[in-house]
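*Asks:* Let me begin by handing over the structure; questions about it come next.
The values are calculated or read from the model by the stated rules, or taken from the named source; none is laboratory data. Remember, predicted model here, so these are calculated numbers, not experimental data. Because the Cβ atoms are built from the backbone with ideal geometry, glycine has one as well, and the counts that use them run over all protein chains shown. Side chains are part of the model used for accessible areas, which takes the heavy atoms of the whole protein and leaves out ligands, DNA and RNA. Shrake-Rupley method; radii C 1.70, N 1.55, O 1.52, S 1.80 Å.
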Amino acid sequence: MNEKKSKYIIYDLPEVNSISSYFLMKSFPNKKFLLFGEGNPYDSDCEDFDIAIMPYFSILDIPSLSVDLFYNACSFSEMSAETSSKYLKQIEFSSKKYFSHENHDIRITYTIDGMKSQNMLGSELLPDPSLFKRVYKKPRVYGLPQDKLFKSYEYLYERI
């Protein structure tokens, strides 16, 4: 019998990954983990894992049309528009079914090393319409403290 096994791969900042690794390993002691430096989760010799935790820059290693669901929680709103656009291109390349994200629609200008940059609004994070169709956009269903200051929305796109 050939049963498909669900696998979760988390891409985040290395500092966040160290906390996530500790929390998830303590919470799910019977799950098999693959951490950065132990192999590429897409290589055939590294298939025996339930949860992989990788640094954000290794998202570029994801093969074409290999991900069932990409999910982003609130971090596109924290990135520059240029960085968000690059991630969106990778998601379009790698996603074979769905792309979901929740982000806000507040423009933020960042200054880093004297250079100004702006974020991309959640409603601007639109995958290529020749590849994806929007299933829904709705207000976020759970509340976070920042929701008192600005609304966040949930989006779901399906590959055509």
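*Asks:* Which one is least open to solvent (accessible area, probe 1.4 Å), of the residues in segment 34-69 that are modelled with pLDDT of 95 or more, more than 20 Å from PRO14 (Cβ to Cβ) and not in a loop (DSSP other than H, G, I, E, B)?
*Replies:* This residue is VAL67.
*Asks:* If you check LEU35, LEU65, which single one turns out to be of a type in the set (A, V, I, L, M, F, W, C) and in contact (Cβ under 8 Å) with a residue 24 or more places away in the chain? So that I can check it myself, show each step before the final result.
*Replies:* Values: LEU35 fails: in contact (Cβ under 8 Å) with a residue 24 or more places away in the chain.
The unique qualifying residue is LEU65.
*Asks:* Same structure, new question: Looking at LYS26, LYS4, can you tell me which residue is farther than 24 Å from LYS86 by Cβ, among the charged types (D, E, K, R), open to solvent by 30 Å² or more (accessible area, probe 1.4 Å) and at pLDDT 95 or above?
*Replies:* LYS26
*Asks:* Sort out for me the strands (runs of 3 or more DSSP E) sitting completely within segment 85-139 that have 1 or more residues that are in contact (Cβ under 8 Å) with a residue 24 or more places away in the chain, open to solvent by 80 Å² or more (accessible area, probe 1.4 Å) and touching a helix residue (DSSP H, G or I) at 6+ places or on another chain (Cβ under 7 Å).
*Replies:* Numbers: elements: 95-104, 109-112, 115-118, 132-139.
Once the strands (runs of 3 or more DSSP E) in segment 85-139 are filtered for at least 1 residues that are in contact (Cβ under 8 Å) with a residue 24 or more places away in the chain, open to solvent by 80 Å² or more (accessible area, probe 1.4 Å) and touching a helix residue (DSSP H, G or I) at 6+ places or on another chain (Cβ under 7 Å), what remains is 115-118.
*Asks:* Just checking, how many residues over segment 74-84 are exposed (fewer than 15 other Cβ atoms within 10 Å of the Cβ) and among the small types (Gly, Ala, Ser)? Quick ask: steps written out before the conclusion?
*Replies:* Step one: list which residues in segment 74-84 are exposed (fewer than 15 other Cβ atoms within 10 Å of the Cβ), which gives 78, 82.
Adding the requirement that they be among the small types (Gly, Ala, Ser) leaves none.
Residues flagged as exposed (fewer than 15 other Cβ atoms within 10 Å of the Cβ) and among the small types (Gly, Ala, Ser) within segment 74-84 amount to 0.
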